[in-house]
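J.: I'd like to ask you about the structure that follows.
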Amino acid sequence: MLLIGEKINGTRKLVNKAVLARDVAFIQKLAINQIEAGADVLDINAGTSPDREAADMIWLIEVVQEVVDKPLCLDSPNPDALLAGLAVTRQVPIINSISGEEQRLKGILPLAASYGCRVLALALDGSTIAPTCEGRMEIVRRLFAETRNAGVPDTNVYVDPLVMSVATDSNACHVTLETMRTILAEFPTAHLTGGLSNVSFGLPARALLNRAFLTLAIQAGMDSAIVDPTDRGLMETLYASNAVLGLDRHCARYNRAFRAGKIGPPLEDRKPVAPAPVPVPAV
């Protein structure tokens, strides 16, 4: 499971404040905490106005790369900001995102193809989200036609089938999971991703719903997610789900995470285990 840390996003109030104030320490702490918690990639979204977004994207990337040696996911609908970011990334990034919208395809897809980037592709072609699996698949098929035509291999495409809140549509989870399974049936070397927390929007105790959906999504083939990796409960569910679904050979990752204190009781709260008594041979 490729985990994309979601917290460096300028649409969040505190992050926006840090970007505008050039608060290096705040951004670097967000980056370090997410990587230490288990993120494989960090999403970088300046979230500022178009006239300054490119400069803010460059600043964020350079500040994060001072303390983290991991790939980044450049998150913007603005091709100019993405191009500016591509010029300063040390590792080939993921681009977030393209969709069926003509403007995004023309402005962003050529950048992904030119730089050899992996790309997130949304099952969306306008402001209205298709309510059915087949409606979303029509968009997904068009997207793969475009990515293939641009020379982007299916293995570099991470499809977001769109996770919607069950608060407004009790069938939302079923449609998303069905779309996931259909995508992999038709495009078996592609990947699945998405923002897990959308499923619980508008409901109390959101973390419980996010964890339940994570297990179902992994079983349906999701192999990437945009998450808060510092959510300990979510990470515990991730390790446990992979173990029980047979996706963690000999439960190796589960055991390593437990020994490192990432799951189960924190290390400082664990009681030392007394050594087993040595058997005394009979005389």
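J.: Filter region 154-178 down to residues that are touching a Leu at 6+ places or on another chain (Cβ under 8 Å) and in a helix (DSSP H, G or I) and give me whichever is surrounded by the most Cβ atoms within 10 Å (Cβ to Cβ).
T.: So the residue we want is Thr176.
J.: Working only within region 91-113, note down all residues that are at pLDDT 95 or above, in a helix (DSSP H, G or I) and not aliphatic (A, V, I, L, M).
T.: Lys106, Gly107, Pro110
J.: Follow-up. Could you please let me know if Thr48 is closer than 21 Å to Ile226 by Cα and touching a helix residue (DSSP H, G or I) at 6+ places or on another chain (Cβ under 8 Å)?
T.: Details: closer than 21 Å to Ile226 by Cα: yes; touching a helix residue (DSSP H, G or I) at 6+ places or on another chain (Cβ under 8 Å): yes.
Judged against the criteria, Thr48 is a match.
J.: Just the residues that are surrounded by fewer than 21 Cβ atoms within 10 Å (Cβ to Cβ), under 12 Å from the mean Cα position of the chain (by Cα) and within 18 Å of Met164 (Cβ to Cβ), please, taken from region 190-232.
T.: Of everything in region 190-232, just one residue is surrounded by fewer than 21 Cβ atoms within 10 Å (Cβ to Cβ), under 12 Å from the mean Cα position of the chain (by Cα) and within 18 Å of Met164 (Cβ to Cβ), namely Gly195.
J.: Looking only at region 59-79, how many residues end up being under 18 Å from Glu6 (Cα atoms) and outside any loop (DSSP other than H, G, I, E, B)?
T.: 11
J.: Here is a follow-up. Give region 233-246 a look and list any residue that's closer than 23 Å to Ala207 by Cα, without any contact (Cβ under 8 Å) to a residue 40 or more places away in the chain and surrounded by fewer than 20 Cβ atoms within 10 Å (Cβ to Cβ), or say none. Write out each step before concluding.
T.: Looking only at region 233-246, we keep the residues that are closer than 23 Å to Ala207 by Cα, and these are 233-245.
Okay, now just the ones that are also without any contact (Cβ under 8 Å) to a residue 40 or more places away in the chain, so 233-234, 236-237, 239-241, 243-245.
Answer for region 233-246, where residues must be closer than 23 Å to Ala207 by Cα, without any contact (Cβ under 8 Å) to a residue 40 or more places away in the chain and surrounded by fewer than 20 Cβ atoms within 10 Å (Cβ to Cβ): Gly233, Glu236, Ala240, Ala243, Val244, Leu245.
J.: Can you pull out the residues in region 17-58 that are within 30 Å of Leu238 (Cα to Cα), assigned to a loop (DSSP other than H, G, I, E, B) and of a type in the set (D, E, K, R)? Walk me through it before giving the result.
T.: At the first step, the residues of region 17-58 found to be within 30 Å of Leu238 (Cα to Cα) are 25-47.
So of that shortlist, the ones also assigned to a loop (DSSP other than H, G, I, E, B) come out as 38-40, 46-47.
The one that is within 30 Å of Leu238 (Cα to Cα), assigned to a loop (DSSP other than H, G, I, E, B) and of a type in the set (D, E, K, R): Asp40.
J.: Any idea which residue in region 160-178 is farthest from Glu134 (Cα to Cα), counting only those that are hydroxyl-bearing (Ser, Thr, Tyr) and under 18 Å from the mean Cα position of the chain (by Cα)? Give the steps one after another, and end with the answer.
T.: Going residue by residue through region 160-178, those that are hydroxyl-bearing (Ser, Thr, Tyr) are 165, 168, 170, 176.
So of that shortlist, the ones also under 18 Å from the mean Cα position of the chain (by Cα) come out as 165, 176.
Details: Ser165: 19, Thr176: 11 Å.
That would be Ser165.
The values are calculated or read from the model by the stated rules, or taken from the named source; none is laboratory data. All values reported here derive from a predicted model rather than from experimental measurement. We place every Cβ from the backbone using ideal geometry, glycine too, and count neighbours over all the protein chains shown.
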